[in-house]
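The values are calculated or read from the model by the stated rules, or taken from the named source; none is laboratory data. This structure is a prediction, so every number in the text was calculated from the model and none was measured. Positions of Cβ are backbone-derived with ideal geometry, glycine not excepted, and every protein chain shown enters the neighbour counts. Ligands, DNA and RNA are stripped out before the accessible areas are found, and what is left, the full protein with its side chains, is counted by its heavy atoms. Shrake-Rupley method; radii C 1.70, N 1.55, O 1.52, S 1.80 Å.
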Amino acid sequence: MFSTKQMRRKANLWGWIFATPTVIGICAFTFYPIIYSLILSFTNYRSLPTDPMDFIGFKNYEWIFTESAFFKGLALSLEFTLITTVIQTVLGFFMAYMLYRMIPAMQGVYRVILYLPNILPAAVVSVMWTFIYEPNYGLLDTLLGLFNIDAPNWLGDPAWKMPSIIIVNTWKHVGLTMIIYFVAMNAIDKQIIESAQIDGASSWGILFRIILPVTWYTTRINVLLSMIGGLKSFDLFYLLFKDDPAMRVVGLYIFNTAYGSYVYCRASAMALLLAAIISVLSLFANKLLSKGEQV
Amino acid sequence: MKNSFLKKLTAAVLAACSIFAVSACGGGTGTRGNKVKLEFVHYWPEHATLLKEICREYSAENPDVTITPTNVPYSNIESQLMNMLRSGGLPDVFCYWSNACYNLAKDGYLANIDEFAEQEKANYVNDAFSLEDGKINGHYYAAPFRASGYVIVYNKKMFQDYNWKVPETLEELETLCYDVIEDSAGELTPLAVYGTSSGTMMQIKSTFDAYVNILSGLVKDPAYYCNRQDASKESGLQQLYADSLVKFKKWYDAGFFTLDPQTRDNAQKEFTNGKTPMILFNNNNLDVLQATIGEDFRIGAISFPAPEIVAELNLNTFTNGTFDSIFIAKSSRHYDVALDFMKYLMSDEVQQKWAQRTRSVSLKKNVVYDNDEQRNMATLLSQLGAYPQKADFTMSTDASSGNYTLVNNYLTNASNYTALEVVQKGFENTVKSVTDKILNPGNLQMIEITTTLDYSENRYTWLK
């Protein structure tokens, strides 16, 4: 006969055994890299096994604030984040509403079509859009040519570089924003909408006075996801602009420091600082948006 | 009871899997039985089949050796090698560039091949410039496999139709560019270049700078070799670099080249569609270009021509480029076998086969080409490596991209700096990198130029 205590202990033991692979995985692939990066950020370690690894205090952090182009990259990331977050959230909301108003059969088709870019790898997206943007022979150039409009050099002209990547980024990610809104809209009790319709509310009235406030929590999630994604953005910039200094967002700058100059210690310090900045900005945005929800 | 057993079994399997998953990271070269397995990494995916064939033939002659060739895209080779280094060591034999091997050699990751170099020296073309390019601190590390340089490829038919003369000097190239614009009423861009800020357009400027270095005599200064020459006391030299930048801008403003084509493909299309009669191109990509053009589209090639004065003074000319070379890792457990395989790759037989199949330019004297194009290319690239330079410091990406941005902004009037200020700022960036204790921990400093440089005006009239 087992006592309750023994049975609980046995159950706990089995619980730990089952959890062991996951715990090992999290420790090896999440905690260890974070702690190792933190340690690296206080050393002068570059990258190779023969490179020295001495403790140098806060020198890497000092370097970020005095000599690096970290904040220049951060400013570019913030500009990109701000614009994409606004466009993506607003566009995603309206697209979700359009989908919401469709008949179920059409919903299925459009949901897949509009979400498709989101599952495409960034490499595929960049190759595709490089063809679309290609000066002289690209799809956009040809289309605009039909109307006798000279297309700009989308990826080459300094004035068009940012708008071009914002278009690509929005095209790729707006599907996810739309789906999240769509799920939230479907969760709204149909009776509320019907009551409003009986009371004579217009479609716009329903949209802005019922759907928008009820899905405000979803807006918070979408804004936070877009914001964090925007600040961490790296792949599309890397694939579309390679080493173009004018488009070196903070993520790309960190990558270049790690894998261009091979200075891991500075790259680690910058990565940790960026993580801290993203956390602060996310908390701030979350706080701000939660006020809107209370209103 | 059965459930409980299954749970235990599942937990045990998962735990074992996680341990095996981690322990599976590794592997590599070794000896299985009496068979030696060599790892060979190259950056020629387009010639992977041929390399496999060469490796198979080597293994057929040496049944105890198996070679595993792995191809890595050209643009990723550096990061891949660094990753390999961090995770257990470099491959036994690998391809890399002679002019980029300094740090690997200095840090002791490369095996020296002095014996091979001394034996083979006489079999290399052009006073074995190419072998010398892989010589670090008195030891040889690189076996030059093929030349990789930039040449100007031109459209023969357009030249014939417009009655343009193929330029032999820089002055003639400049005149030709003006003629191209005038004869086509501005429809044609004389020279197609590609890449963004650090693309082939920068090679025009670096060629101008190279001739400043040659004509001033800087190339003979001991500091030039390690690229840490301190130009802060040489106002004359700074002014010459500024003049070179002004000339570069003059070419850009005149429309000799544009910054529009972003990729090599775009520039290539401009050329093949007849929108530009010349393109600055790597000799090893000529087969790709050849494959995209029709039979009636005939191309010729010239090296970027030198100013007239260079020939008058009987100096060597300059060609942008380097050597694709073969290296052996010091960590290789089979140095003798790796060396033997390297000798096989460098043998006349393999070099001949490689040159014939890939249309590359070999650096071995005994290789014979069966067509005029390759023979011409070998002549064009004969001065590659004539002025070897081995930067013994790491330039930060901030500094290098900062310098490109400075030039780019100057070119496009996006900054208010004068040419001299751009040169000085670029110089400051280099100094900052050299003296950065983390990037260059060996307490490196700039080295004073001890050679008396020649600033005679008649040497630089081509810059005006």
What distance in nm lies between label points placed 7 Å from Cα along the C-beta direction at B:ASP265 and B:ALA122? 5.0
Region B:427-447: which residues show an accessible-area loss of 10 Å² or more, assembly versus chain alone, 1.4 Å probe? B:LYS432, B:ASP436, B:ILE438, B:LEU439, B:PRO441
To the nearest Å², the heavy-atom accessible area per residue of region B:45-181 with 1.4 Å probe amounts to 43
Euclidean distance of C-alpha centroids, region A:53-129 and region B:283-318, integer Å: 44
What percentage of the solvent-accessible surface of chain A, computed with a 1.4 Å probe over protein heavy atoms, is contributed by carbon and sulfur atoms? 70
For a Förster distance of 25 Å, can you work out the FRET efficiency between the beta-carbons of B:TYR335 and B:ASN227, rounded to the nearest 0.05? 0.20
Could you report the buried accessible area between B and A, both sides summed, computed with a 1.4 Å probe and given in Å² to the nearest 100? 3100
Over chain B, volume per residue of the alpha carbon convex hull, in Å³: 207
Members of B:LYS106/B:LYS437; B:LYS249/B:LYS464; B:LYS205/B:LYS233; B:LYS249/B:LYS269; B:LYS106/B:LYS220; B:LYS37/B:LYS330 lying beyond 19 Å, as alpha-carbon distances in this model show: B:LYS205/B:LYS233; B:LYS249/B:LYS269; B:LYS106/B:LYS220
Quotient of Cα radius of gyration and Kirkwood radius for region B:325-464, i.e. Rg/Rh, equals 1.10
With at most 11 other Cβ atoms within 10 Å, longest stretch of chain B clear of loop GluC sites (Glu not before Pro) (DSSP): B:1-186
Filtered pair list for chain A (Lys only, Cα < 22 Å, 8 or more apart or interchain) has a length of 11
If you take all C-alpha pairs in region B:269-406, what percent of them are over 20 Å apart? 65
Past the 23 angstrom mark, what percentage of all C-alpha to C-alpha distances in region A:67-294 do you count? 57
With the crude spin-label approximation of a point 7 Å out along Cα→Cβ, what separation in nm comes out for A:GLU79 versus B:THR450? 4.9
Give, to the nearest whole percent, the P(r) tail of region B:388-453 beyond 21 angstrom, counting all Cα pairs. 35
Ratio of region A:26-137's C-alpha Rg to 2.2 N^0.38 Å, to two decimals? 1.71
Rel. contact order, % - alpha carbon contacts under 8 angstrom, at least six apart, chain B: 24
Would you mind computing Rg(Cα) / (2.2 N^0.38 Å) for the protein assembly as shown, counting N as its residues? 1.12
Residues of region A:255-283 that become at least 40 Å² less accessible with every protein chain present than in their own chain isolated, using 1.4 Å: which are they? A:SER261, A:TYR262, A:ARG266
Ignore the peptide's own chain and count Cβ atoms of other chains within 10 Å of each Cβ in B:392-399; give me the average, rounded. 5
Carbon and sulfur atoms: what percent of the 1.4 Å accessible area of region B:243-297 do they account for? 48
Scalar couplings 3J(HN,Hα) for region A:128-135 by Karplus 6.51 cos²θ - 1.76 cosθ + 1.60 (θ = phi - 60°), nearest whole Hz, x for Gly and Pro, are 4, 6, 5, 5, 5, 7, 3, x
Averaged across the residues of A:9-18, what count of C-beta atoms belonging to other chains lies within 10 Å of each residue's C-beta? 2
With labels modelled as points extended 7 Å from the Cα through the Cβ direction, what inter-label distance (nm, one decimal) is found for B:GLU171 paired with B:ARG56? 5.7
Residues of region A:52-73 buried by at least 40 Å² on assembly (accessible area, 1.4 Å probe, chain alone as reference): A:GLU67
For region B:120-181 the translational diffusion coefficient, Stokes-Einstein from a Kirkwood Rh over Cα pairs at 25 °C and viscosity 0.890 mPa s, in µm²/s, is roughly 163
Accessible surface, per residue, of region A:67-294 when the full set of protein chains is kept, probe 1.4 Å, Å²: 49
Given DSSP loops and a limit of at most 15 other Cβ atoms within 10 Å, what is the longest stretch of chain A that contains no such chymotrypsin sites (Phe, Trp or Tyr not before Pro)? A:148-295
Just how far, in whole angstrom, is region B:370-418 from region A:238-295 if you go by their alpha carbon centroids? 32
